[in-house]
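What follows is a single structure, written as structure tokens, with notes after it.
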Amino acid sequence: MDAFVINGGRPLRGRVRINGSKNAALPLMASALLTDDPITLRDVPDLADIRNMTRLLAELGCETAELDDPGLPDRPALELRTRHEIESHARYDLVRTMRASICVLGPLLARRGSARVSMPGGCAIGPRPVDLHLKGLEALGARITLDGGDIIATAPGGRLTGAPVFMGGAFGSTVLGTANIMSAASLARGTTIIEAAACEPEIVDLACLLGKMGAHIEGAGSPRIIVHGVERLTGADHTIIPDRIEAGTYMCAAAATQGDITITNCPLDALMAVTTTLHAIGVVVEPLEPLQGGIDPMRAAARITCPGPLTPVEITTQPHPGYPTDLQAQLMALLCRAGGISVITEKIFPDRFLHVPELARMGAQLYRRGSTVIVHGVDSLSGAPVMASDLRASASLVIAALAATGTTTINRVYHLDRGYERMEHRLAAMGASIERVAEEELAATA
Ligand code: EPU
């Protein structure tokens, strides 16, 4: 296992280009199961989760090839093509490596009339049930049973039937649940109305690809999505939206180090809650060109600076367009150095606070009460050995370490590799002192 060794206290300066979104890419890749024709995806990030999804799709008869992409010379496009006479079983040993594997369920069931997908297990950030996915598919006529830890779903007569589907749960809507139902409904007989649909930009991107494949979808990005089912979907070519969470993470890192960076391919349009919060803290996020007049607000360039001391804020994570849970931990690392008291409430995954005890090891003053953490700003954080525990908690530790005095060792950075492509190279290129080492090497030198 690898660790990061970070010597903090250096302001980040330079440029970073945001990659295609991991959380958009996973359901987009799964949509290749809806057709026999090739799907070409561009700007696919080079991440462990994408490689896991490629492996899972290969087991399900979907082969992936890398193609040159003249638009992005350093990044091949992925071509996905499915042969349907093969396995419809997503096995536990693949699903357990990545919860998002559940997004093959809707496409498999819709295209093949049956699917067997291992039930995803627990997760470091909370229980993460899939009841809303299953209820939604049942509303479309699927028969669902559980056998040996697998979800077995069949569509009577081989095809799902459009219907009203309510996707609201105790914590709001579900992103991958909405993706599953929208994909499945695209090939169903008749019309589906998805009420309380997730409004996340990744759902809009999926609707965009499905539309290119011939699906008839209205309202993606709003809480009511209407899908008119079609007989067949075809191949398509699609460039994935940039990753709003990666962009927000680099914004927090720049602010925490009092740096001055430019972020390109930045989805500012999907980050309004984040940039408004950063503004309240004293961080300047300045679009480099006016967002009107031909500039795509999902692919903008922005300069991030932090001219003065940080101001504390109170935030609550919410479904999009609210402040995203996937940037809660990173903001907490930033607020550790805001003079005064900040309050962070987590409404999507109430236990998503694995970073709290690790930040405390670096001198942060954090007090957790249920799903709320009170942050008492401190003058400085100090480097320490800490443990990465999940993807976004790991990013928060990197931000804290970049801002801290002294050396921090972050163990188990494989969590980070699931969602941030070559983060250490990108930070080093902006002046950070960061090195990837094997944990065994550290032990030998201790
Ligand atoms: N929920 C249910 N029942 C369900 C599904 C969800 O109760 O059937 C609850 C969850 O327990 C949670 C809430 O609904 O409290 C929202 O969960 P959601 O289903 O929206 O999460 P997800 O679709 O499984 C995606 C992202 C997560 C991100 C969440 C929320 C992907 C691959 N994952 O997960 O990303 O936190 O939406 O925005 O798209 C990450 O990237 O670090 C990450 C965890």
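The values are calculated or read from the model by the stated rules, or taken from the named source; none is laboratory data. Predicted model only: the values in this text are computed from it and were never measured. Here the Cβ is made from the backbone with ideal geometry for all residues, glycine too, and neighbour counts use every protein chain on show.
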Between a residue in region 245-261 that is in the same structural domain as residue 324 (by TED's automatic domain parsing) and any residue that is among the polar types (S, T, N, Q) and part of a helix (DSSP H, G or I), which pairs come within a Cβ distance under 7 Å, given they are 6 or more apart or on different chains?
248/330; 249/330; 252/330
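Going through region 18-63 one residue at a time, which ones are in a loop (DSSP other than H, G, I, E, B) and either among the charged types (D, E, K, R) or within 13 Å of the ligand (Cβ to nearest atom) (or both)? First the steps, then the outcome.
Kept after step one, since they are in a loop (DSSP other than H, G, I, E, B), are these residues of region 18-63: 18-19, 21, 35-38, 43-47, 60-61.
The answer is 21, 36, 37, 43, 45, 46, 47.
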May I ask you to verify whether residue 237 is under 23 Å from the mean Cα position of the chain (by Cα) and in a loop (DSSP other than H, G, I, E, B)?
no
Would you mind stating whether residue 430 is surrounded by 15 or more Cβ atoms within 10 Å (Cβ to Cβ), within 16 Å of the ligand (Cβ to nearest atom) and in the same structural domain as residue 352 (by TED's automatic domain parsing)?
no
Tell me, which residue of region 309-342 that is in contact with a Pro (Cβ under 8 Å, 6 or more places away or on another chain) and part of a strand (DSSP E or B) is farthest from residue 281 (Cα to Cα)?
317
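Identify, from the list 198, 207, the residue that is buried (at least 21 other Cβ atoms within 10 Å of the Cβ), small (Gly, Ala, Ser) and either within 13 Å of the ligand (Cβ to nearest atom) or over 28 Å from residue 420 (Cβ atoms) (or both).
When all the criteria are applied, what remains is 198.
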Enumerate the pairs (first residue in region 160-182 and outside the structural domain of residue 131 (by TED's automatic domain parsing); second residue anywhere and modelled with pLDDT under 95 and crowded, with 24+ Cβ neighbours inside 10 Å) with beta-carbon separation below 8 Å, excluding pairs fewer than 6 apart on the same chain, so at least 6 apart or on different chains.
none
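Run down 125, 86, 102 and say which single residue is under 27 Å from residue 170 (Cα atoms) and at pLDDT below 95. Walk me through how you get there before you give the answer.
On the way: 86 fails: under 27 Å from residue 170 (Cα atoms); 102 fails: at pLDDT below 95.
Exactly one residue qualifies, and that residue is 125.
Every residue in region 25-74 that is of a type in the set (Gly, Ala, Ser) and closer than 24 Å to residue 186 by Cα, please.
Initially, region 25-74 is screened for residues of a type in the set (Gly, Ala, Ser), giving 25, 30-32, 48, 58, 61, 65, 71.
Matches in region 25-74: 25, 30, 31, 32, 58, 61.
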Residue 387 being away from the ligand (no atom under 15 Å from the Cβ), modelled with pLDDT under 95 and either of a type in the set (A, V, I, L, M, F, W, C) or not assigned by TED's automatic domain parsing to the domain that holds residue 173 (or both):
yes
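Condition check: free of Cβ contacts under 8 Å to residues at least 60 places away in the same chain, in contact with a Cys (Cβ under 6 Å, 6 or more places away or on another chain) and closer than 23 Å to residue 124 by Cα. Does residue 364 satisfy that? Before you say what the answer is, go through the steps one by one.
On the way: free of Cβ contacts under 8 Å to residues at least 60 places away in the same chain: yes; in contact with a Cys (Cβ under 6 Å, 6 or more places away or on another chain): yes; closer than 23 Å to residue 124 by Cα: yes.
Judged against the criteria, residue 364 is a match.
In region 198-234, which residue that is among the hydrophobic types (A, V, I, L, M, F, W, C) and in a loop (DSSP other than H, G, I, E, B) is nearest to residue 268 (Cα to Cα)?
By that ranking, first place goes to 199.
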